[in-house]
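Peer 1: Below you'll find the structure I mean.
The values are calculated or read from the model by the stated rules, or taken from the named source; none is laboratory data. This one's a predicted model, so the numbers in the text were calculated from it and none came from an experiment. Here the Cβ is made from the backbone with ideal geometry for all residues, glycine too, and neighbour counts use every protein chain on show.
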Amino acid sequence: MATPRRPGAARKSTKKGPTKGSGGQHRKSLAGRGPTPKAEDRTWHKSYKPTQQRQQRNTRSRHKDETVAGRNPVVEALRSDIPARALHVAPRLEMDERVKEALKLAAERGIPVMETTRIELDRMTNEANHQGMALQVPPYEYEDGVTVADRLMQEWDKGYLRTPPLLIALDSITDPRNLGAIIRSASAFDAHGVVVPARRSVGVTATAWKTSAGAAARVPVSQVSNLNNALVEYKKLGYFVLGLDGDGDQSLPGLPLATDPICLVVGSEGKGLSRLVREHCDQIVSIPIASEMESLNASMAVGISLYEIAVARAGGRGD
């Protein structure tokens, strides 16, 4: 008795022999797909997400705005003309004189005032004591340090500058308060700019802006990828590179090169100038101090040096 078939069932042929081909229509499917991508590049792989998150964090860290937190710091920052994207204020914030002044200064400068929850303020300020107020500060935009030095020298040659170009370069200084104080001294004594390395060095942060007391808006800060290479280029442009160090062979009073184009290099208080930077200096200049003192703070040493240079350029102490 024959076995009944269910409706729609098809019997597979068991006949051996040649079968009908595709005529080459499926040839592309046989082609290789190239080398296997790395695990972190495959969207379906477990390594992909952490890699993407790291890249996003790195991007945010390079371009992340800073914040000045707290009522007194915000008011001081606004008084010193620090650039700002927005003033963030907590809802139902208790008004006092500092809050009123911050709101007034923000309105005068056209800075948006945004109502921001305290939880969000905690996140923005990394849990700082913000007192319900934070100022959002954009990243500083640096010019190239060699380009700035070249432009200053051209302006001096054409008679556009009142005094020879004077730059201050920082070697391994990491304290933003030192940078802010140096910028302030540069503004006081007619220096034309400050130069910072791109790595292992302080940059223009909100703290540096605040310490400069507004001078950062007047004195440009430029950046170089490698300080030693930049010093070589400065010397080619016609600058004399002078390093500040306690054991220098040239005492600061009566500095012979004071009336020439100068790049003044200062190192950190603890380590001083690095070996390679010293080798690129035309002179190492020292400031006479009492024997009981081991060294001067970097910003103080720059301020004293700039004063002496300004006196020499003015024609003497009596002017």
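Peer 1: Restricting to region 142-197, name every residue that is aromatic (Phe, Trp, Tyr) and closer than 14 Å to Leu306 by Cβ. First the steps, then the outcome.
Peer 2: Applying the first criterion (aromatic (Phe, Trp, Tyr)) to region 142-197 yields 142, 156, 160, 189.
Across region 142-197, the qualifying residue is only Phe189.
Peer 1: Does Met114 satisfy the criteria of being of a type outside the set (S, T, N, Q), in the same structural domain as Val74 (by TED's automatic domain parsing) and crowded, with 19+ Cβ neighbours inside 10 Å? Full working, then the answer.
Peer 2: Values: of a type outside the set (S, T, N, Q): yes; in the same structural domain as Val74 (by TED's automatic domain parsing): yes; crowded, with 19+ Cβ neighbours inside 10 Å: no.
The answer is no for Met114.
Peer 1: OK, next. Residue under question is Ser201, and the condition is that it be within 14 Å of Val148 (Cβ to Cβ) and outside any helix (DSSP H, G or I); does it hold? Walk me through how you get there before you give the answer.
Peer 2: On the way: within 14 Å of Val148 (Cβ to Cβ): no; outside any helix (DSSP H, G or I): yes.
Criteria not met by Ser201.
Peer 1: Which pairs do you get when a residue that is without any contact (Cβ under 8 Å) to a residue 40 or more places away in the chain, found in region 218-243, comes within reach of a residue that is of a type in the set (Asp, Glu), reach meaning Cβ atoms under 9 angstrom, with the pair 6+ apart or on two chains?
Peer 2: Once the first residue is without any contact (Cβ under 8 Å) to a residue 40 or more places away in the chain and sits in region 218-243, its partners that are of a type in the set (Asp, Glu) give Ser225/Asp144.
Results for (1) modelled with pLDDT of 95 or more; (2) under 15 Å from Val266 (Cβ atoms); (3) among the acidic types (Asp, Glu); (4) not assigned by TED's automatic domain parsing to the domain that holds Glu155, shown as yes or no for each residue.
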residue: Ala198; (1), (2), (3), (4): no, no, no, no
residue: Val202; (1), (2), (3), (4): no, yes, no, no
residue: Ala213; (1), (2), (3), (4): no, no, no, no
residue: Ala217; (1), (2), (3), (4): no, no, no, no
residue: Asn229; (1), (2), (3), (4): yes, no, no, no
residue: Val232; (1), (2), (3), (4): yes, no, no, no
residue: Lys235; (1), (2), (3), (4): yes, no, no, no
residue: Gly248; (1), (2), (3), (4): no, yes, no, no
residue: Pro253; (1), (2), (3), (4): no, no, no, no
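Peer 1: Another one. Can you tell me which of (1) closer than 25 Å to Arg79 by Cα; (2) surrounded by 19 or more Cβ atoms within 10 Å (Cβ to Cβ); (3) touching a residue at least 40 places away in the same chain (Cβ under 8 Å); (4) within 17 Å of the chain's Cα centre (by Cα) is the one His192 doesn't meet?
Peer 2: Exception for His192: condition (4).
Peer 1: With the structure loaded, tell me whether Thr163 is of a type in the set (Val, Ile, Thr), within 23 Å of Cys281 (Cβ to Cβ) and in a loop (DSSP other than H, G, I, E, B) or whether it fails that test. Outline the logic, then answer.
Peer 2: On the way: of a type in the set (Val, Ile, Thr): yes; within 23 Å of Cys281 (Cβ to Cβ): yes; in a loop (DSSP other than H, G, I, E, B): yes.
Yes, satisfied.
Peer 1: Which residue, of Ala106, Ala84, Ala77, is in a loop (DSSP other than H, G, I, E, B), in contact (Cβ under 8 Å) with a residue 24 or more places away in the chain and not assigned by TED's automatic domain parsing to the domain that holds Gly214? Don't jump to the end; show me each part of the working.
Peer 2: Details: Ala106 fails: in a loop (DSSP other than H, G, I, E, B); Ala77 fails: in a loop (DSSP other than H, G, I, E, B).
Sole residue among the options that is in a loop (DSSP other than H, G, I, E, B), in contact (Cβ under 8 Å) with a residue 24 or more places away in the chain and not assigned by TED's automatic domain parsing to the domain that holds Gly214: Ala84.
Peer 1: For region 119-151, which positions are surrounded by 19 or more Cβ atoms within 10 Å (Cβ to Cβ), in contact with a helix residue (DSSP H, G or I) (Cβ under 9 Å, 6 or more places away or on another chain) and under 30 Å from Leu237 (Cα atoms)?
Peer 2: Gly145, Val146, Ala149
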